[in-house]
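Data block below; observations after.
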Amino acid sequence: MALVDRVKGILLTPKTEWTVIETEPATPASLYTGYAIPLAAIPALAGFIGWSVVGINVLGTSIKIPMSDGLVGALARFIGTLLGVFVLALIIDALAPTFGGQKSSIQALKVAVYSSTATWVAGIFMIIPSLSILSVLGLYSLYLLYLGLPQLMKAPADKAVGYTALIVVVGIVLFLLVGAVTNQLVGYGTWARWTPGG
């Protein structure tokens with residue numbers, strides 16, 4: 001399925017799209033190269049443009065992250081995101097039997113990749129730092145996870161909510177860890193590294 005069609009399907013008609021995804025043949029390579037990599041690049045590139053090119057106006061001064069730091073940060077976030085999705089899939093697969101589901105590494109990876117769609121697409125708002133708060137729309141990914149997880153991992157309805165809740169918590173922790181590690185690598189937490197720009 002074409003990338004744009006899949007994005008529209010998972011965002012606009014997720015119940016129907018998860019049914020298609022469930023039986024669709026896939027490999028880790030096809031999920032990453034055909035979907036995760038292009039979409040995970042959206043917030044990484046938008047963040048770089050927003051913070052290193054556009055900047056943010058503070059008390060009449062335009063503040064930007066230096067280009068070199070911005071590029072390293074974008075790359076670190078991009079790689080961290082892709083690794084986070086992989087780790088999330090491993091956890092989804094490992095926990096499936098605990099909640100009466102069936103282990104399947106490829107189905108778990110499908111859940112991790114496709115449920116991340118809203119987060120990646122909402123990352124476009126980072127291109128203008130003052131609008132980056134709108135990235136919160138990416139929380140729709142939690143709903144996508146809620147719909148796809150029990151269907152693809154075959155968890156019974158009575159255990160699906162607990163399974164989903166645990167994976168949501170794990171996903172949030174992974175997201176925070178990736179953010180913390182990449183911020184430390186690049187030094188985003190240090191205002192002294194930011195340079196005023198015009």
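Taking K103 as the residue in question, decide whether it is outside any helix (DSSP H, G or I) and among the basic types (K, R). Considered against the rule, which asks whether it is outside any helix (DSSP H, G or I) and among the basic types (K, R), K103 comes out as yes. Quick check on my filter: what residues within the stretch 173-182 are over 9 Å from G80 (Cβ atoms) and either in contact (Cβ under 8 Å) with a residue 60 or more places away in the chain or open to solvent by 80 Å² or more (accessible area, probe 1.4 Å) (or both)? Result: L174, F175, L176.
Remark: I56 matches the filter, which requires a residue to be buried (at least 16 other Cβ atoms within 10 Å of the Cβ), over 16 Å from T119 (Cβ atoms) and touching a residue at least 60 places away in the same chain (Cβ under 8 Å).
The residue list V136, V85 contains one member that is surrounded by 19 or more Cβ atoms within 10 Å (Cβ to Cβ) and under 25 Å from T13 (Cα atoms), which is V85. Exactly one residue out of V53, V58 is over 17 Å from I127 (Cβ atoms) and at pLDDT below 95, and it is V58. Within the stretch 142-163, one or more residues are surrounded by 15 or more Cβ atoms within 10 Å (Cβ to Cβ), out of contact with any Gly (no Cβ under 6 Å at 6 or more places or on another chain) and free of Cβ contacts under 8 Å to residues at least 24 places away in the same chain. Among the residues here, P38 does not qualify as of a type outside the set (F, W, Y), buried (at least 21 other Cβ atoms within 10 Å of the Cβ) and within 12 Å of the chain's Cα centre (by Cα). Checked against the criterion of being outside any helix (DSSP H, G or I) and either open to solvent by less than 10 Å² (accessible area, probe 1.4 Å) or under 28 Å from F48 (Cβ atoms) (or both), the stretch 112-126 has at least one qualifying residue.
Looking across the stretch 127-169, the residues that are closer than 18 Å to Q102 by Cβ and not in a helix (DSSP H, G or I) come down to K154, A155, P156. Mind listing whichever residues of the stretch 25-53 are closer than 13 Å to Y114 by Cα and either aromatic (F, W, Y) or touching a residue at least 40 places away in the same chain (Cβ under 8 Å) (or both)? If the condition is that a residue be closer than 13 Å to Y114 by Cα and either aromatic (F, W, Y) or touching a residue at least 40 places away in the same chain (Cβ under 8 Å) (or both), then A26, P28, L31, Y32, Y35, A36, I37, L39, A40 are the ones that fit. Among the residues that make up the stretch 60-72, is at least one of them closer than 16 Å to T182 by Cβ, polar (S, T, N, Q) and assigned to a helix (DSSP H, G or I)? Taking every residue of the stretch 60-72 in turn, at least one turns out to be closer than 16 Å to T182 by Cβ, polar (S, T, N, Q) and assigned to a helix (DSSP H, G or I).
The values are calculated or read from the model by the stated rules, or taken from the named source; none is laboratory data. Being a predicted model, the structure only gives us computed values, none of them experimental. For neighbour counting, all protein chains shown are included, and Cβ atoms are generated from backbone atoms with ideal geometry for every residue, glycine included. For the accessible areas, the whole protein counts, side chains as well, though only heavy atoms, and no ligand, DNA or RNA atoms are used. Shrake-Rupley method; radii C 1.70, N 1.55, O 1.52, S 1.80 Å.
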